[in-house]
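All remarks here apply to the structure that follows.
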Amino acid sequence: MSRSGPGESKRVRLSPDERRLQLITLGAEMLAERALQDISVDDIAKEAGISRGLLFHYFASVGEFHEAIARHVSAEFLTATAPDRSLGLFDMLRDSVERYVDYVEDNRAAYHAILRGPSSYNPGMVTYVNESRSAIAELVLAELSIPPDDPDLPRLTLALRGWIAFVEETILTWMSEKPIPRVQLIDLLVESLPALALSPALAAALRD
């Protein structure tokens, strides 16, 4: 009977869905140190303790695998900011921002790699990150209950997209320099959205 030697990965029996998720998660973790297109099938297979060929049982191509990684990371962004509708509007915003910062602190290297590293230039990653930003803006708009024919809607949507970019850049800078305490960072991010609201009524709603 053969035994795994020191440093060798031991194959663990997983269901197809569990194995697929494992491979995607391993790929997402590797984004912390390399570009999406540089994530090696051989390295993933070795880390998972499977053969290289088995990976292609779950993904038709390397491109499909990379796309699945990008989609997974995008979904994590959305989960990190999902609103708690049991809270009031302002508290809901603060709670979402706090959990977003928590997510970044827990995934610092990968977050930086996705937004500023080599992977940020990958067309697939750009698409999914942009979709995440749009989804966050749509979530905020939905909570504000803005009628689709409201004349201020286009300007508010633009302001929200700008706010999301502000949040990303501010968090990245804060993570590298920590010029202010975390609670002040949260205050800054939360209070900046009402300041960008172009309608006094919307600003008041966010502050209440």
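What follows draws every value from the coordinates through simple rules; no lab data is involved. It should be emphasised that the depicted structure is a prediction, and the values quoted were computed from it without experimental measurement. As a convention, Cβ positions derive from the backbone with ideal geometry for all residues, glycine included, and neighbour counts pool all protein chains shown.
Per-residue 3J(HN,Hα) values for segment 17-34, derived from phi via the Karplus relation 6.51 cos²θ - 1.76 cosθ + 1.60 with θ = phi - 60°, read 5, 5, 5, 4, 5, 4, 5, 5, 5, 4, x, 4, 5, 6, 4, 5, 10, 7 Hz in sequence order (x marks Gly and Pro). Between Glu33 and His72, what is the label-point separation in nm under the 7 Å Cα-to-beta-carbon projection? Those two pseudo-labels are separated by 1.7 nm. Peptides 65-78, 175-188, 34-47 ranked from most to least packed by the mean count of surrounding Cβ atoms within 10 Å: 65-78, 34-47, 175-188.
Relative to the current alpha-carbon distance between Ser15 and Phe90, full extension at 0.36 nm per residue lengthens the span by 22.8 nm.
Counting every Cα pair in segment 56-185, what percent are over 26 Å apart?
Of all Cα-Cα pairs in segment 56-185, 29 percent lie more than 26 Å apart.
For Ser61 and Ala109, the FRET efficiency from 1/(1 + (r/R0)^6), where r spans their Cβ atoms and R0 equals 30 Å, is about 0.65. Label-to-label distance for Ala165 and Glu191 is 2.4 nm, based on points extended 7 Å past Cα in the beta-carbon direction.
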